[in-house]
Structure formats: structure tokens, C-alpha cells
Amino acid sequence: MAILKVIEVLGASGESWEHAAKVAVEEASMAIKNIRSIYIEEFSAKVEDDIIIEYRINAKISFLLKNRD
């Protein structure tokens, strides 16, 4: 049986929502190891002068704490 933990994270990017998700995983991986999945809960964007300047995601990242065989 595997034991996983889930944390909530925010990601942001000037490129796209997909890049914001990649940034969230990259940043989380600096503090935690064994990331298994990311679940995007919410998408939003910051707009200035009718142009999207920042894509944002709210996501849950799961990672392995312990793997019991």
C-alpha cells in the first residue's frame, strides 16, 4: 500500500496555463520529492489593457510519502 500526501499550490506564468502548471510542479519539487500527479482545480488570468499578462492555476499536487510492499 502506498501512502500519498496532497498539497494545494498556486502557479503563475506569462506564457500559458500549461506553463503555469509546469512552474507549480518545478517549484514544489524543490521542497518535496516523489511527486506523482497534479490536479488543476481552477484557472484564472490577470488582465491589463485588455491583454492577458499572467495565467494562473490553483492545483493539488500529490506525492509519495511511503511505499509499503
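Against the test of being under 8 Å from the mean Cα position of the chain (by Cα), of a type in the set (A, V, I, L, M, F, W, C) and under 27 Å from Ala2 (Cβ atoms), the options Ala20, Ala28 yield a single qualifying residue, Ala28.
Checking each residue in region 25-69 for being surrounded by 11 or more Cβ atoms within 10 Å (Cβ to Cβ) and on the phi > 0 side of the Ramachandran plot picks out only Asn34.
When Ala45, Ala12 are checked against the criterion of being touching a helix residue (DSSP H, G or I) at 6+ places or on another chain (Cβ under 7 Å), assigned to a strand (DSSP E or B) and modelled with pLDDT of 95 or more, Ala12 stands alone in meeting it. Of everything listed in (1) touching a strand residue (DSSP E or B) at 6+ places or on another chain (Cβ under 7 Å); (2) surrounded by 13 or more Cβ atoms within 10 Å (Cβ to Cβ), the single unmet condition for Lys22 is (1). Considering region 42-69, the residues that are within 14 Å of the chain's Cα centre (by Cα) and free of Cβ contacts under 8 Å to residues at least 24 places away in the same chain include one that is nearest to Ile3 (Cα to Cα), namely Glu42.
The values are calculated or read from the model by the stated rules, or taken from the named source; none is laboratory data. Note that the structure is predicted; figures quoted are calculated from it, not measured. When we count neighbours, we look across all protein chains shown, and the Cβ atoms used for this are built from the backbone with ideal geometry, even at glycine.
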